[in-house]
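See structure below.
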Ligand code: ADP
Ligand code: ZN
Ligand code: ZN
C-alpha cells in the first residue's frame, strides 16, 4: 500500500475531508488503518497529527503534489485509533462508506457550543483593588465600581448572575479584564442525567445458579475469553450477575459499557446500576441532544465515569481502558441499526472486544436464534439460570383457541376464559396486563374459522395485503389477487386484523365498567415522560388494567400483576419475514413472564388462531430449547440464517421504472459473477413498505453459506454501482442477515 487517506481533525464537519499522503517505504510494513501519524499540513508545512482511515495503491492526485507521512505518533494507541479500526471493520462487514462508519463510531464534536458555566475571578490583591476602586469612583465609572465592590466581598462570581444582579453589560467585564483587574473563566458543565437521591443498595448475596454463572464467566475470562451468553428465565436475576461482573471490572481499574434496549422502558434497570455504583455510572439516551451525548462521551474519555449505560450507540463510548461490554435483552430488535451502516450491536461489540481486549457478556430469557446457534457451535459460552429468584413459580399458561370461540358463538375479542379471569382479578384487587401483539404486523390475511393464513407458495412466509386487495410476497415478488373465501375450508370469514389498542381499551371499559384502565401505545407515550408516567401510575396501583402494545412486555417488575392476557398471539407470527416465529416466541414468552413476579403466583391467557404452532406451544410452556430445535430445522430447510448467510440489497429511487431496471441489472450482474452457481438469488421484490416519501423501494436477496463470499460480492457490486451511470438517482444499501 503506497498511499494513505488521512483525516486531520475529528469533527463532524471535517470527517468528509481526507487528505492523501505517500507512505514512505520504511513505514509500509507497520502502518495500519486507525494509526495516528504526523503529517506536514498547510502552507508552512507545519506538522500536525492525523488518523489513517484508508490504505490504497491508487493515487487520488498526481504523486508530485503529494506530501509524505513523517512518522507514526509515539505514545501508544489512542482510543480514537481503536475506534477508527472498528469503523474499518464495520465498513468491511456491513457495507457502508468509511465516512458513514466513522460518523457512527467517533464521538464527533458538533459546532453547537456546549453549555458553559462562566465565572468572574478577581486578580488583584486587596490593596491594589481598593486603589482601583478609588480610581473608578473618581472617573464616575459606576458599573465598574459595582462589580469591583462585589468582587472585594466575593472574589469569584457567576458571570451570568453578576450581569443581571449588578445590571452590567458584557463590555464592562471585558474592559476590566483587559486592565488586568479580573479574569473571565469558563468551565464545561457535564450534566449527569441520573437522579441524585443518594439511595444506595448493597450487593445482595447471589443464589446458587447466579453464583455458578458469575464464577463460570470469570473463569472463561481467564481462559479462552469467548463471548458469554446467560439464558435465564424471566425473573431469574440476570442483573445481579451483571452487577457482580461489573464490580470485578471496576476493581481492576477498567471501564464497562452496558447496552439496554431503550432507557424509557428500562428505567428500573438503570436505577439498579446507579444505586450500586453511584457517580461512576452515567447514561446516554435517544432523547439527548448531540451536544449532551458528546458531553457524556467526553466524561468517559476523561475518566470521570466508569460505567456507561445506553442503547446501541453507547457501544462507541470512548473509554480509555474498556474491560467489559454487557448486552442486556440480547434478542431485542433495536440492537440492529436501521440505517447505513446497518450494523448489529452484538457482532460489533464482539469486534470491539477483540480489538481492545475487553470481555462481552449478554443475557436474555429468549436469546436470538443467531446467538444461541453460536453457543451450540462453541463460539460463545452458555450459562443457564433455570429458576426465578426465590424459586417463585413461572406463570401458568392457558392457550385459548379462537376458532373454537367463534364456532361456539363468541365473536368478542375476549375469550370467555379471559373475561372470567379479568373479572376475578378485579374482585381480588389484583392487576391485569392486556397485550396486543402488533409487532411487525404487515397486513396478512387469515381465516377466522380455521386459522389458515394465505402464504407465498415459494418462500413459506405470509403474503401481505396491498391496496386494492392484491396479495404480495416481500421476498420473491409473487403476487395473487384477493380471496373472498378461505381456500382451505371455504369460510367467508377471511380478512386482516384491524383492532387497535384504543378499541380494546373501550371494549374493556364496556365489559368491566368499574375497572380503572390505562393504555400504553405510541399515542399515549408521545409526550415527554409519557412512558414513565403511565408505568409509575400502574406500579402504584392507580389502575387495575394496563392495555398496550409490545412496549408493555419489556423488563418492568410489577409485583401486583397476576394476569397477563395476550389478545392475538398470531399477529406477529405472520409478519411476512423469516424471523416472524422467533419474534413471536420472544414476545409471548416475555409477555407471559410479566405475570406473577410478586408474592402471588401468575397466570397468562394466550388467545390464538394457531394453537398448534410450535412458537405458541413453546411459549406456553416457557420452553426455549424446544422452540430453538424446531426453529433451526425450519431455517436449515429453507437456508435462512444462521443456517445460511443472507445478504439483502435494498434499493430506493424516485422513479419506479428506473429502479426496477437497476435492480434487474444488479441481479444479472450477480448471476454473471456466480460462475460456480453457488449463490441463491431471490427477487427483486417490493419492500414491506414499497414506497416512502415518494421514493420507491425494492429488495434483492442473496443466500450463501460463506459470509466472506457475500462480502466480496458486495465489494464488487459497490464498484459496479459506482461506475454505472444508471445508478445516479438510486440509493443502494446492503444488509447482512437482517
Ligand atoms: P431478570 O432480569 O432475569 O428477569 P431481575 O434481575 O429483574 O430478573 O430479578 C428479578 C427480581 O429478583 C428482582 O426484583 C431482583 O431484585 C430480585 N433478585 C434477583 N436476584 C437476587 C438476589 N441474589 N438477591 C436479592 N434479590 C434478587
Ligand atoms: Zn378456513
Ligand atoms: Zn415468495
Restricting to Cα pairs below 8 Å that are 6+ residues apart, what does the relative contact order work out to for the chain? Please round to a whole percent.
11
Can you give me the angle between helix 267-277 and the longest principal axis of the chain, using Cα atoms only, in degrees from 0 to 90, rounded to the nearest 10?
50
Say each of residue 478 and residue 639 gets a label point 7 Å from the Cα, pointing the same way as Cα to Cβ; how far apart are those two points in nm?
1.6
Going by the alpha-carbon gyration tensor, a ≥ b ≥ c the square roots of its eigenvalues, is the range 248-368 rounded (a/c under 1.5) or, if a/c is not under 1.5, prolate (a/b greater than b/c) versus oblate?
rounded
So the angle from the long Cα axis of helix 501-511 to the longest Cα principal axis of the chain, reported in degrees to the nearest 10, equals 60
Report the extension gain between residue 725 and residue 304 in nm, rounded to one decimal, defined as 0.36 nm multiplied by the number of residues separating them, less their alpha carbon distance.
146.5 nm
For 356, 330, ascending order of other Cβ atoms within 10 Å (fewest first) is 356, 330
Arrange 342, 17 by Cβ neighbour counts within 10 Å, fewest through most, would you?
17, 342
Between residue 175 and residue 280, what's the calculated FRET efficiency when r is the beta-carbon distance and R0 is 51 Å? Round to 0.05.
0.70
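Quick one: if the Förster radius is 41 Å, what FRET efficiency do residue 121 and residue 557 give, using the C-beta to C-beta distance and rounding to 0.05?
0.25
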What FRET efficiency, computed as 1/(1 + (r/R0)^6) with R0 = 60 Å and r the Cβ-Cβ distance, is obtained for residue 202 and residue 338, rounded to the nearest 0.05?
0.90
Fewest-first ranking of 708, 282, using other Cβ atoms within 10 Å as the exposure measure
708, 282
Each label sits 7 Å from Cα toward the beta-carbon; between residue 185 and residue 510 the label points are separated, in nm, by 6.9
How much of the DSSP beta bridge set in the chain is antiparallel, as a percent to the nearest 5?
55
Cα axis of helix 656-673 to longest principal axis of the chain: angle in degrees, 0 to 90, nearest 10?
90
Projected label distance in nm at residue 536 and residue 22, using a 7 Å step from Cα toward the beta-carbon:
6.6
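By its C-alpha gyration tensor, with a ≥ b ≥ c as the square roots of the eigenvalues, how is the chain shaped: rounded for a/c under 1.5, else prolate for a/b larger than b/c, else oblate?
Since a/c reaches 1.5 but b/c is at least a/b, the shape of the chain is classed as oblate.
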Potential extension, residue 68-residue 149 segment - 0.36 nm per residue separation minus Cα distance:
23.3 nm
On a full-extension model of 0.36 nm per residue, what is the gain between residue 675 and residue 29, subtracting their alpha-carbon distance, rounded to one decimal in nm?
229.0 nm
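Values quoted throughout were computed directly from the atomic coordinates according to the rules given, and no laboratory measurement underlies them. These figures come from a predicted structure and were not determined experimentally. Reconstructed Cβ throughout: ideal geometry from the backbone, glycine too, with neighbour counts over all protein chains shown.
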